[in-house]
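Rule-based calculations on the coordinates, nothing more; no lab input. This one's a predicted model, so the numbers in the text were calculated from it and none came from an experiment. Note that each Cβ is placed from the backbone with ideal geometry, even for glycine, and that neighbours are counted across all protein chains shown.
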Amino acid sequence: MQPANPTGSGPKGPMPLTDDEASFIRRAPFLFIMSTSPDAAPDTSPRGGAPGFVEIEGDCLLLPDRLGNNRLDTLSNITLEPAVVLVFLCPQEQQVLQVWGQAVSRHDPALLQRFAHRDRPPRSVMQVRVTRARLLQSDAFARSGFWDVAGLAETPALPSLGQILADQVGGMTSDEADAFVSNSYKNRLY
C-alpha cells in the first residue's frame with residue numbers, strides 16, 4: 001500500500017492517487033460532485049454508472065456527462081470556478097473517497113467516442129486534475145444503517161418520481177408521470 005497523500009499538491013504539482021484510492025474509484029458505481037461559482041449557490045450532483053465509469057489517466061479523472069444527466073449546473077459552474085470535490089461511494093463499504101481537483105469540460109470527438117455506451121457518446125467528458133485525495137472511514141454509514149436493506153421495510157415509502165412530477169408540473173396523472181419516468185430510464189440514461 002502506498003502512503004496516503006494528506007497534503008495534495010507539492011512542489012512538483014498534483015500528486016497521483018494511491019493504489020488504494022485508485023482501486024476505490026475503479027470499484028465505485030456512484031459519486032457526488034460538488035461545484036460552485038461566484039454567482040451561484042454550491043451545487044451537489046449525483047453521478048453513476050457501472051464500476052469503472054470514471055477512468056483514471058495519469059493525475060486526472062475522466063467522468064462522462066451522460067444524456068440522462070439533463071442538468072448543466074456543474075458544467076456551468078466549472079467554466080467560472082474549476083475547483084470541484086468528488087465523493088465516491090461503493091456499496092456495503094463503510095468508507096468514502098474524497099477527491100479535490102480542478103475540472104474542465106472536454107469535447108474532443110475521439111474522447112467522446114471512447115466513452116460511448118450503446119453507440120451513444122456522452123455530451124462531454126469532465127477532466128478533473130487531482131490535487132488531493134483522502135480515503136476515510138465514515139461511521140455515519142453504521143450509525144444510519146445506510147446499507148441495511150432489511151431496515152428499509154420499516155421506513156415509510158417516499159413518493160415516486162412520477163408522483164413528484166405530477167404534483168409539481170401538473171397536466172398528467174401520477175401513473176402517466178411514472179410511465180414517462182420509466183421510459184426515460186430505459187431509453188435516455190445513456
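Would you please give the residues with an amide H less than 5 Å from that of Thr131, counting only those at least 5 places away or on a separate chain, with H modeled from the backbone geometry?
Excluding prolines and chain starts, which carry no amide H, the hits are Trp100, Gly101, Gln102.
Taking the Cα atoms only, what angle lies between the long axis of helix 174-187 and the longest principal axis of the chain, rounded to 10 degrees?
Here the helix axis deviates by roughly 40 degrees.
Defining a contact as two alpha carbons under 8 Å apart and six or more residues distant in sequence, what relative contact order in percent does the chain show?
Values: 344 pairs, mean separation 41.3, N = 190.
That works out to 22 percent.
If you place +1 on the Cβ of every Lys and Arg, -1 on the Cβ of every Asp and Glu, and leave all else neutral, what size is the dipole of the chain about its Cα centre, to the nearest 20 Debye?
560
Assuming 0.36 nm per residue, please report the length gained on full extension of the stretch Leu72 to His117 beyond their Cα-Cα distance.
In short, 14.1 nm is gained.
Find which of Leu72, Gln137, Ala41 sits farthest along the positive direction of the dipole of the chain, computed with +1 on the beta-carbon of Lys and Arg, -1 on that of Asp and Glu, about the Cα centre.
The residue sitting most towards the positive pole is Leu72.
Compute the length gained on full extension between Ser23 and Arg129: take 0.36 nm times their separation in residues and subtract their Cα-Cα distance, giving the result in nm to one decimal.
Fully extending the segment from Ser23 to Arg129 adds 36.4 nm.
Using 0.36 nm times the number of residues separating Phe32 and Ala83, minus their current alpha carbon distance, what extension gain do you get?
Working: separation 51, 0.36 × 51 = 18.36 nm, distance 1.41 nm.
Full extension from Phe32 to Ala83 adds 17.0 nm.
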